[in-house]
Amino acid sequence: MTEVKVKKESTDPVDIENRIKELCQQFPHGITDQVIQNDMPHVEAQQRASAINRLLSVGQLDLLRSSNGLLYRLKDGQSASKVKGSDNQEKLVYQIIEDAGNKGIWSRDIRYKSNLPLTEINKILKNLESKKLIKAVKSVAASKKKVYMLYNLQPDRSVTGGAWYSDQDFESEFVEVLNQQCFKFLQSKAEAARDSKQSPMVQRNSSFATSHEVWKYICELGISKVDLSMEDIETILNTLIFDGKVEMTIIAAKEGTVGCVDGQMKLYRGVNPIIQPTGLVKTPCGLCPVFNDCHEGGEISPSNCVYMAEWLDF
């Protein structure tokens, strides 16, 4: 009878560490201890723990917290060099902040994900800030709270409020100036079309302008201290549409054309309203960049809106 040979898997610490790294490469979002145990059932718990602790101590693994428990993930080489010399707790907090991206994360959420005491988290945050690895940014959604993100990241618009906010204050005058200038450009385009004495259809078509043309005009005026994107200009144009001063149409366009998205392009033209717009469409809500976050009982709500109070002249 042929003898069956059972392959005995290695229990050498280096082999175990290499296998754990291979598993992390197969599952880039992270693996649990159960995954390691299922893959290496012959390895004792103490050996697994020693291998994991070794990889954590040399900065080759990240330790994360999820709904399923602790996760181990292969560390990015660049990130590892930045936090070289830090202890495991500091590396864990850094990784949580890095995962939050440019939207940042509150210290309360860091506490939940790391399961560390708040006093320890505050100490780690100050240390990382002093090393210029992270920075604290005030959010327009909650003026009294700060979010943390990596030092070299540009905060997301949802955090800063975009071009419409300066030091967390809504620049209503700046928005009004942009409204006037955008409308002035479209009006001049419409007047030039009427003066051309061409057929009504040709006049109408030539009175339209793309958002890129409006954006270029505003940039050339030099009235903005911040760099405006075409998305910013389209936000202003949308407020003019709500006011009944501008109409928009969508046409098919070739891919690669400036302002073309998914084979379509938006065109705008100034119009003379048949009737004056009602007061409802003139409310601050019509141009509020955090409109979707506004609800009664929240950080941003109609009852505590300073712009609404100013508009109503209370």
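The values are calculated or read from the model by the stated rules, or taken from the named source; none is laboratory data. Quick caveat, the model's predicted, so the values are computed rather than measured. Ideal geometry is used to build each Cβ from the backbone, glycine not excepted, and the neighbour counts take in all protein chains shown. What goes into the accessible areas is simple: the full protein's heavy atoms, side chains included, and nothing from ligands, DNA or RNA. Shrake-Rupley method; radii C 1.70, N 1.55, O 1.52, S 1.80 Å.
Worth a mention:
- Relative packing of 240-246, 299-305, which averages over residues the other C-beta atoms within 10 Å, highest first: 240-246, 299-305
- Distant-in-sequence amide H partners of residue 300 (H built 1.01 Å from N, under 5 Å): 295
- Taking packing as the residue-averaged number of other Cβ atoms within 10 angstrom, the listed peptides 124-133, 25-34, 52-61 run from highest to lowest as 52-61, 124-133, 25-34.
- Computed from the C-beta positions of residue 250 and residue 225 and an R0 of 25 Å, the FRET efficiency is 0.20 to the nearest 0.05.
- With DNA, RNA and ligands ignored, accessible area of residue 119 (1.4 Å probe; Å², nearest 10): 110 Å²
- Difference of contour (0.36 nm per residue) and Cα-Cα distance, residue 144 to residue 118: 7.6 nm
- Formal net charge of residues neighbouring residue 119 (Cβ-Cβ distance under 12 Å; K, R +1; D, E -1): +2
- You can think of it this way: the chain between residue 212 and residue 26 has 62.5 nm of extra reach, that is 0.36 nm per residue less the Cα-Cα gap.
- One chain, two ends: residue 241 and residue 42. Fully extended at 0.36 nm per residue, the span grows by 64.8 nm beyond their Cα-Cα distance.
- Formal net charge of residues neighbouring residue 262 (Cβ-Cβ distance under 14 Å; K, R +1; D, E -1): +1
- For the chain: Kirkwood Rh in Å [reciprocal of mean 1/r, alpha carbons]: 24.5 Å
- Residue 217 - accessible surface, heavy atoms, 1.4 Å probe, Å² rounded to 10: 50 Å²
- Under 9 Å, Cβ to Cβ, from residue 141 - net charge with Lys/Arg +1 and Asp/Glu -1: -1
- Computed from backbone phi with θ = phi - 60° and the Karplus coefficients 6.51, -1.76 and 1.60, the 3J(HN,Hα) list for segment 291-305 is 4, 5, 8, 8, 7, 5, x, x, 4, 10, 8, x, 5, 10, 6 Hz; x is used for glycine and proline.
- As a calculated quantity, the FRET efficiency between residue 312 and residue 156 at R0 = 30 Å, using C-beta atoms, amounts to about 0.45.
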